[in-house]
Amino acid sequence: MTDTLLEIWNKILTSNLFNFVLMLILLGWIIDKFKLGDVLEAGRKSIEDKIVSSKQNRINAVKELFETQENGVKVEQEALEIIEKSANNAVIVGEKLVEDAKKESENYSKNIQKNIDSNIEKLRMNLTNETAQLAINKAKNHIENELKKDRTLHIRYINESIDALKEIDL
């Protein structure tokens, strides 16, 4: 019985070893037939290339980030310069507007003063004319009243007027 057991055991070992060797040969043939080594190497190379590419992309992204930051600083500086120039221009324009407004105000004041002076002169002339007209009317009324009172004065005034006209040299 031990012999039988040994034989069975021997067959199992032989058959497992045989199966194992057969499986290795078959696996070697499949690997060789389908070139799995090349596929694995190509996959490894692809992964390695992707790692290198991603490292290079990272370096490029960092460079681009720094450039963008530098450009951002430049843009901020340019914006500050533009704001400063705009502020200076606004001050200049504001000063010019104030100066123009002062000139306009002075011209307006001069024109108003001229109008006031002109109106005062017109009023003075009108007042003088009205006063003269009132004096003439009063004198006329006085003369007419005197003539009504004394008829002889009428002839005397006519004679005085004629004498005054003779004295005028034409």
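In degrees, nearest 10, range 0 to 90: what is the angle between the Cα axis of helix 152-167 and the longest Cα principal axis of the chain?
Roughly 70 degrees, rounded to the nearest 10.
Just name one of Ile59, Ile83, Leu127: the one whose Cα is farthest towards the positive end of the charge dipole of the stretch 35-167 (beta-carbon charges, Lys/Arg +1, Asp/Glu -1).
The Cα lying farthest towards the positive end belongs to Leu127.
By how many nm would the segment from Asp32 to Leu6 grow when fully extended, if each residue of separation counts as 0.36 nm and the alpha-carbon distance is taken off?
Stretched out fully, the Asp32 to Leu6 stretch lengthens by 5.6 nm.
With just the Cα atoms defining each centre, how far is the stretch 137-168 from the stretch 61-132? Give it in Å.
70
I'd like to know which of Leu6, Asn115, Ile143 lies farthest towards the positive end of the charge dipole of the chain, counting +1 on Cβ of Lys and Arg and -1 on Cβ of Asp and Glu.
So the residue we want is Ile143.
Write down the radius of gyration of the chain and its Dmax, each obtained from C-alpha positions, in Å.
According to the Cα coordinates of the chain, Rg and Dmax are 65.1, 202 Å.
Nearest 500 deg cm²/dmol is fine: what mean residue ellipticity at 222 nm does the chain get from its DSSP H runs of n ≥ 4 alone, each adding -39,500 (n - 2.57), divided by its residue count?
Value at 222 nm, helices only, nearest 500: -36000 deg cm²/dmol.
Among Arg156, Arg124, Arg44, whose mean-square fluctuation peaks in a Gaussian network model of the chain (Cα, cutoff 10 Å)?
It is Arg156.
Tell me, what is the FRET efficiency for Asp163 and Gln113 to the nearest 0.05, using R0 = 41 angstrom and their Cβ-Cβ distance as r?
Here the calculated transfer efficiency is 0.25.
What does the charge dipole of the chain about its Cα centre add up to, to the nearest 20 debye, if the Cβ of each Lys and Arg holds +1 and the Cβ of each Asp and Glu holds -1?
The dipole magnitude comes to about 520 debye.
FYI, it's all coordinate maths here, none of it is from the lab. This structure is a prediction, so every number in the text was calculated from the model and none was measured. Quick reminder, even Gly has a Cβ in these numbers, built from the backbone with ideal geometry, and neighbours come from all protein chains shown.
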